[in-house]
Structure formats: C-alpha cells, structure tokens
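Asker: What follows is a single structure, and I will ask about it in a moment.
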Amino acid sequence: MKYLILLTLLLAPVAASAQGFTPVPQDKANVYYQSCASQPSQFSSQESQNIFCACTAARMTQFYSMEDMKNATSQDPAIARPAYNKMLIDVYAPCMDTPTFEYYHKTCITNPDTAKYGDPQKICNCLAEQMAIHMRGSGPQIFRDILARDPNILDPQAALFSDPAFNTFAQKKLLTCVR
C-alpha cells in the first residue's frame, strides 16, 4: 500500500525500548497524516481520504511502533512483511469503515438494477451503513482472514472488496436492505 511508503518519511534513528516497543510519537503521526492526506485520493472523495488518514495516524501512535516502522521498510521480506501485515490489521483495518461505506454506496447507487428492488437511496444507504458497521466491528479479523488466504497481498483495499467472504456478507446485507 502506498501509505506504507510514507512510513519511510517518519523513520528516525530508533532507540528500542526495553520492551522493543517505542511508540510512534504524535509529531511523526502528524507528518504521516499530512503526507497521506495530500496524496491523490484512493477513495471516491477527499473527505473519505482525510478521515482515513486521520484515523490511521491516530492508531499508529497506539498500535504501531517505531520498530515496526523500521521493519516495514526492510529489504528482507521476512522482516518487512510481518510489520506490513501488522499495520494492515492494527492500523488500517479499523479505519476502513468510512471508505467501505463510500465504496458500497457508490457501487450500489450506480447499479441500474438497484431500482428494480425499491428506492435506490434507501437500499444503498442501508447496505453501505451495514458494511461500515461490519468493518468497524470486525475489520481486524476480516484482514486476518484475508491474510491467512493470501499473506502477501499488495493492495489491501482491492483484496477487501474482492474477497469472496466479504462479498457474500455484502450480498446477505443487501437482501436484508431490500426487504
């Protein structure tokens, strides 16, 4: 993911603490946020991008360490991949609710077949909200499951929105929204 590349901007000499967990300081998270938010939006709206960037920056200070950041930029995949996967699960996944809402709303509302089943706004708002709630509550586990099937995903957003289990869940939620 392109945001992992932004982590290299934050790297400074890392003095490992006794536990091997030096929290990402707020100023480093702020640099990450500014860089993330200034990138071309990978989502439908800049607002969604900003919300995602703010969420990930905040979570970095709690659930990611300077050691993780250093490891994520390692040339050795055996060191880099676990740090990247940790970021996906602990930082990225819990922040996917707004982008998930946006993705499912847009996908639903632009599907001409949606109108066959009722009011597209009502159906699509329902579906998008249900998917966002699901990500908010289960995002880390969803990404653990995706990584268990493919531990080397490169684009977590594409992996999420093309995941068969996630799409099956979306279909079930769509059926409840149509009723």
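Asker: Given (1) free of Cβ contacts under 8 Å to residues at least 12 places away in the same chain; (2) open to solvent by 50 Å² or more (accessible area, probe 1.4 Å), identify the lone condition not met by residue 74.
Answerer: It fails just one condition, (2).
Asker: Pick out the one residue from 55, 108, 36 that is modelled with pLDDT of 95 or more, part of a helix (DSSP H, G or I) and open to solvent by less than 20 Å² (accessible area, probe 1.4 Å).
Answerer: 108
Asker: Continuing with this model, one more query. Is it fair to say residue 93 is free of Cβ contacts under 8 Å to residues at least 40 places away in the same chain and in a helix (DSSP H, G or I)?
Answerer: No.
Asker: Would you mind telling me which numbered condition in (1) out of contact with any Ser or Thr (no Cβ under 9 Å at 6 or more places or on another chain); (2) of a type outside the set (Lys, Arg); (3) over 27 Å from residue 46 (Cα atoms) residue 66 fails?
Answerer: (1)
Quick grid of which residues meet (1) more than 12 Å from the chain's Cα centre (by Cα); (2) within 17 Å of residue 28 (Cα to Cα); (3) surrounded by 20 or more Cβ atoms within 10 Å (Cβ to Cβ):
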site: 78; (1), (2), (3): yes, no, no
site: 99; (1), (2), (3): no, no, yes
site: 124; (1), (2), (3): yes, no, yes
site: 133; (1), (2), (3): yes, no, no
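Asker: Something else: Name the residue that is surrounded by the most Cβ atoms within 10 Å (Cβ to Cβ), counting only residues in the stretch 140-158 that are modelled with pLDDT under 95 and within 28 Å of residue 114 (Cβ to Cβ).
Answerer: By that ranking, first place goes to 156.
Asker: Could you say whether any residue in the stretch 80-90 is under 15 Å from residue 136 (Cβ atoms) and open to solvent by 10 Å² or more (accessible area, probe 1.4 Å)?
Answerer: Yes, the stretch 80-90 contains at least one residue that is under 15 Å from residue 136 (Cβ atoms) and open to solvent by 10 Å² or more (accessible area, probe 1.4 Å).
The values are calculated or read from the model by the stated rules, or taken from the named source; none is laboratory data. Predicted model, so just to flag it, every value in this text is computed and none were measured. We place every Cβ from the backbone using ideal geometry, glycine too, and count neighbours over all the protein chains shown. Please note that ligands, DNA and RNA were not included when accessible areas were found on the heavy atoms of the full protein model with its side chains. Shrake-Rupley method; radii C 1.70, N 1.55, O 1.52, S 1.80 Å.
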